[in-house]
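The values are calculated or read from the model by the stated rules, or taken from the named source; none is laboratory data. Everything quoted here is computed from the prediction, not taken from an experiment. Backbone-built Cβ (ideal geometry, glycine too); neighbour counts: all protein chains shown.
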Amino acid sequence: MSIVIPALNEEKNIGRIIREAKKYELVSEVLVVDGGSRDKTVKRAREAGARVITQSRKKFPGKGIAMWDGVVNSSGDVLVFTDADITNFKTGFIEKLVEPILVGEADFVKGYYERKAGRVTEITAKPLLAIFFPELQLRQPLSGEIAGNRELFLRMEFEEGWGIDIGILISAFLLKARIQEVNLGYKEHKMRPTSDLVTMSREVAQVIIRHGIKRKWWFLRNFSHMLKTAFGRLHVAGNGEESRMVIFDMDGTLLDGRFITELAKAKKLGREISKINREIERGKICEDEASRKIARLLKGMKKSELVRIASSIPLNRGVEKVVSELKRRGYRIAILSNSYEQVCEVVGNRIGADYILANKLETINDEITGRLKTPNFTCEENCGYSVCKLEGVRFISKILNVPLRNCILIGDDLSDAHAMKAVGIAVAFNASQEVREAATAVINKKDMSELLDYL
C-alpha cells in the first residue's frame, strides 16, 4: 500500500502526516510529490521517512499533475491520497479509507467529515452533479482523501488543477467502479482564500459539465442541427430515411501497416515494445496496461513526429475509392482504434472521416508527456483493451444517431472481433481465423474494394 501526498509549502505539517501514515502496518511507502515548495517541506518530508519526488510539470493549481505523478511513481497495489494541510491527520483515516477495498466491498473510496461541506461543494459541485450525474450524491464529493486500486487509477483521466477530485470520482463512476464514502470524523485544515475558491468553482464546473455532456449523448442529439451548422460533423436523416455508417479499424485495415511498428523503427523502440508484447502473450499484463507502458516510452517526443510517421504509412488498396463511394451513397465514416487520436486524425483527414474515437496522448506545447487518456467507458465483459470497441461502436452509434443495425464494422484483430456482435454487418479484413469466425463477411486479401459487394 502506498500513501501519496501532493504538497506545496507544508513544512509545518508534512512531517506529522508522514509519521502518522507510517504507523499503519500495511503501508509500504509514503510518497510526497512536491509542487515546488520554497520552504522546508522537502527536507521535513525526508526527515520523516518519506520518498520525495518533484512534480513533473510546474503549474498552479497542479494537484492533478502531482496525483498522476504519484500513481506512476508509487508501487502499492492500493493507493491512498491525502491532502497535506490536515492538521489533525490520524492513522485511523487510512484504516477507514482502505477497509472497504481490503474486504472486497469497494474499488474506490472517498472520505467525508462531520462538518458542513465547503462552499464550492454546496454552490457548484452538488447542483451540477444532480443534473448530470444524479447517481453521485455524495456528502462531500470534493474530498481530497481517497483510496483505490492501482489498476483503477491507471485507467482514469486526471485533470491538472482543482478539478482533479471531482474528475476522478466521475471517472470511477464511468468505469463502473464500486464507490463508497466513509466517515473520517473531524478534519482541521487551512481555509482557502476567496480568490482560490473562484478558480476552484470554475474548474470543478468545467469538469462536471464536460463529462456530463459526453455522457448525455441525447443532449448532443437534440441539438444536432446546431452542431451540424457549427461543425458540419453530425448527420441527421430526414424524410423517413435512416442514416448508415461504416466504422473502420485503422491499423492493418485502413493503413497498409501498423503505426506502432513504424514508430518502433523510426525511434528505435523495437526492443522495448517487443518486451511489452511478450508480457501480453504471457498474460502478465493486459492490452490496456501495455498501451500505457508504450505511451510512457514516448515521453518527450513531439506530436509533429507522430504526424510525420503516420503520414508516411500508405493506405490499403481500394480505401480511397471505397470511402468516396460510401459517401456518395450517404454513409457516415468513422474510425475506431486502439491507437492514438493524433494518428487517427491524420488518417481521418486523408479519407474525410466524420468521427474518430481512440486513445489520446497528452501533449503540452507539442511535446508528449507519457500520459495516455482513454475514452471514459468500460467494458462490461472486461475485454482488457484500452479502447473497448464493443462500447466504442455503441458510443459512436449514439453520438451520430445511427442505429446499430445500420452500422458496418470492418477490422482485422481480436479487439474488432469483440465488437462484431453489436453491428448489422461485421467484416473481417485480411484477418485471422478467430476474427473471421466472429464476422458476417470476410475479405481475404488486402483490397478494400470488395467491401462494396456486401452493401
Can you find a residue that is in contact with a Pro (Cβ under 9 Å, 6 or more places away or on another chain) and among the small types (Gly, Ala, Ser) anywhere in region 424-446? yes
In region 124-151, the residues that are within 13 Å of Val182 (Cβ to Cβ) and surrounded by fewer than 18 Cβ atoms within 10 Å (Cβ to Cβ): Arg139
Counting only residues that are of a type in the set (Ser, Thr, Tyr) and under 23 Å from Glu151 (Cα atoms), region 2-44 contains a total of 3
Gly283 vs. criteria assigned by TED's automatic domain parsing to the domain that holds Cys388 and either out of contact with any helix residue (DSSP H, G or I) (no Cβ under 7 Å at 6 or more places or on another chain) or at pLDDT 90 or above (or both): no
If you go through region 29-51 one residue at a time, how many are exposed (fewer than 14 other Cβ atoms within 10 Å of the Cβ) and part of a loop (DSSP other than H, G, I, E, B)? 3
Return yes when Leu390 is assigned to a strand (DSSP E or B) and within 29 Å of Leu452 (Cβ to Cβ) and no when it is not. no
Apart from one, (1) within 29 Å of the chain's Cα centre (by Cα); (2) among the aliphatic types (A, V, I, L, M); (3) surrounded by 18 or more Cβ atoms within 10 Å (Cβ to Cβ); (4) farther than 15 Å from Ile247 by Cα all hold for Ile443; the odd one out is (1)
Out of region 123-143, which residues are β-branched (Val, Ile, Thr) and touching a Gly at 6+ places or on another chain (Cβ under 9 Å)? Ile131
Report yes if some residue within region 444-455 is in a loop (DSSP other than H, G, I, E, B) and without any contact (Cβ under 8 Å) to a residue 40 or more places away in the chain; otherwise report no. yes
Go through region 144-261 and tell me which strands (runs of 3 or more DSSP E), entirely inside it, have 3 or more residues that are at pLDDT 55 or above and not assigned by TED's automatic domain parsing to the domain that holds Met448. 146-149, 179-183
Just for region 87-105: of the residues that are within 27 Å of Glu203 (Cβ to Cβ) and surrounded by 23 or more Cβ atoms within 10 Å (Cβ to Cβ), which one is farthest from the chain's Cα centre (by Cα)? Phe89
Starting from residues that are free of Cβ contacts under 8 Å to residues at least 40 places away in the same chain and among the polar types (S, T, N, Q), keep the ones in region 324-370 and report whichever is surrounded by the fewest Cβ atoms within 10 Å (Cβ to Cβ). Asn365
So if I check each of Asp83, Asp77, Asp69, which one is out of contact with any Lys or Arg (no Cβ under 7 Å at 6 or more places or on another chain), over 17 Å from Leu184 (Cβ atoms) and of a type in the set (Asp, Glu)? Asp69
Within region 335-366, which residues are assigned to a strand (DSSP E or B) and of a type outside the set (Val, Ile, Thr)? Leu336, Ser337, Asn338, Ser339, Tyr340, Tyr355, Leu357, Ala358, Asn359, Lys360, Leu361, Glu362
Could you list all residues from region 115-163 that are among the hydrophobic types (A, V, I, L, M, F, W, C) and within 19 Å of Ala66 (Cα to Cα)? Leu142, Ile146, Ala147, Leu152, Phe153, Leu154, Met156, Phe158, Trp162
Is it the case that some residue within region 315-332 is at pLDDT 90 or above and aromatic (Phe, Trp, Tyr)? yes
Residue in region 397-410 that is crowded, with 20+ Cβ neighbours inside 10 Å, on the phi < 0 side of the Ramachandran plot, of a type in the set (Ser, Thr, Tyr) and at pLDDT 90 or above present: yes
Checking Arg332, Arg371 in turn, the sole residue that is part of a strand (DSSP E or B) and either among the aromatic types (Phe, Trp, Tyr) or in contact with a His (Cβ under 7 Å, 6 or more places away or on another chain) (or both) turns out to be Arg332
